[in-house]
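This report refers to the structure that appears directly beneath it.
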Amino acid sequence: MEKITVYGLLKKFEAWVKKGEIQFLKKEEDRKEVLDLLKELLSIFSEAATEQKKGGKDLSDLLNWYDVHKKGRSLWEKLLSCALHDIDAESKGHSRLFKYLDAAANFEDLLYGLEPYYRDHTLHCLWVYFIGEHLLRDLLSGIHKDLNWYLYNSIEDDKSAYSKMLLENARKKEKAICKEVNEKKDAIWCIMALCHDLGYSLSKLEKLNEKVKDVLKFVDLSDFRHIGYSLDIEHQYHVSQFLELMAMEVWIVPSEDNKEVEIQGYRDDSTYWRLCQSFEKKEHGILSAYLIYKNLSIFADAWVRGPAAKWGLEDGEAIDNIMRGDILYAIALHEFEFAYLSQLSSISDILMIA
């Protein structure tokens, strides 16, 4: 297997952009801006590699990290904006998210002493994005062409119980929905990868408190107010909808009279339980998912209905739920205490590996 390097990943991605293979980079001006940023990053890494050959130093010691961060941040913002607009042309909330990134980056300056290997999370997310593209396109092309979107066909599962026409209609609907979602798979992966660690700094507040307490105990100062947060009761509606969307499975089912095909959303209680556990523990995966859910308008187009609802989901609603639910769930899942991987078939699995 070839050795994975940042320079190699950047070159691969540059080639895919030039060939027009990145679905969400549809406009020529967007492709040009991305290519310009890639060219500048490649130049920085190439110069450092040349110097490394002369002196044998570690590449990290020779890089101009200020420029890497600057160009990497610009590329992160451009790719995310294009991916969000690909899913929803009227998408809003980008500038608010970018302001959060500024605030989180400033806060992260305080966190570098908390852990021996603390890393910058903007660049880390960018590298994860490129690694995932490499995995999907070069090493797992079969999975890339036939991704699992957590869409279940109950009629197919019990085909002997239904008419041939109902079975054919269910298969057509499943194929049509998957086709629509697959046309956005590059954007879905981009948002997952670039946003998966947004909540990392928030999850480290407890460690910050521990460091302060270690100092205060020597001067017997016990009246220390912990730095932290709690969610007010007003947040419960957003939180409930957020958790329900991630735990929802989209099912193709027969109507009550077995004559029509319907789409229903059902909550997976096991998944819901694990998500609630993760949220209570304030794990950074689910905090990252909640941050984008709260700040990006694309998540307003999601549909959560209780099990007592008498009507199902329209095709467009099912597609919206699959895309948005998968993005949030994958981000939350990558740091689940209860996560497990039994097979490799979805973008969520790719995020865990990358």
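Taken over the stretch 314-335, the criterion of being open to solvent by 20 Å² or more (accessible area, probe 1.4 Å) and either in a loop (DSSP other than H, G, I, E, B) or of a type outside the set (Val, Ile, Thr) (or both) is satisfied by Glu314, Asp315, Gly316, Glu317, Asp320, Tyr329, His334, Glu335. Within the stretch 246-263, is even one residue more than 13 Å from the chain's Cα centre (by Cα), β-branched (Val, Ile, Thr), more than 29 Å from Ile4 (Cα to Cα) and in a helix (DSSP H, G or I)? No: the stretch 246-263 contains no residue that is more than 13 Å from the chain's Cα centre (by Cα), β-branched (Val, Ile, Thr), more than 29 Å from Ile4 (Cα to Cα) and in a helix (DSSP H, G or I).
Based on this model, can you work out whether Ile233 counts as more than 30 Å from Asp157 (Cα to Cα), modelled with pLDDT under 90 and touching a helix residue (DSSP H, G or I) at 6+ places or on another chain (Cβ under 9 Å)? So Ile233 does not fit the description; no.
Listed residues Leu41, Leu80, Leu75, Leu37; which is crowded, with 17+ Cβ neighbours inside 10 Å, under 16 Å from Leu291 (Cβ atoms) and touching a residue at least 12 places away in the same chain (Cβ under 8 Å)?
Leu80
Of the candidates Leu167, Leu123, the single residue that is touching a residue at least 40 places away in the same chain (Cβ under 8 Å), open to solvent by less than 60 Å² (accessible area, probe 1.4 Å) and on the phi < 0 side of the Ramachandran plot is Leu123. Kindly indicate the residue of the stretch 15-30 that is out of contact with any Asp or Glu (no Cβ under 9 Å at 6 or more places or on another chain) and outside any loop (DSSP other than H, G, I, E, B) and also most open to solvent (accessible area, probe 1.4 Å) among those meeting that condition. Filtering the stretch 15-30 for residues that are out of contact with any Asp or Glu (no Cβ under 9 Å at 6 or more places or on another chain) and outside any loop (DSSP other than H, G, I, E, B), the one most open to solvent (accessible area, probe 1.4 Å) comes out as Lys18.
What residue, of Lys11, Lys57, Lys92, is farther than 30 Å from Val181 by Cα and open to solvent by 80 Å² or more (accessible area, probe 1.4 Å)?
Lys57
Residues that are aliphatic (A, V, I, L, M) and either at pLDDT below 85 or at positive phi (or both) are absent from the stretch 323-336. Among the residues making up the stretch 160-174, those that are closer than 17 Å to Asp315 by Cβ and among the hydrophobic types (A, V, I, L, M, F, W, C) are Leu166, Ala170. Restricting attention to the stretch 152-183, the residues that are polar (S, T, N, Q) and in a helix (DSSP H, G or I) total 4.
The values are calculated or read from the model by the stated rules, or taken from the named source; none is laboratory data. Keep in mind that this is a model prediction, so the values were computed, not measured. Backbone-built Cβ (ideal geometry, glycine too); neighbour counts: all protein chains shown. For the accessible areas, the whole protein counts, side chains as well, though only heavy atoms, and no ligand, DNA or RNA atoms are used. Shrake-Rupley method; radii C 1.70, N 1.55, O 1.52, S 1.80 Å.
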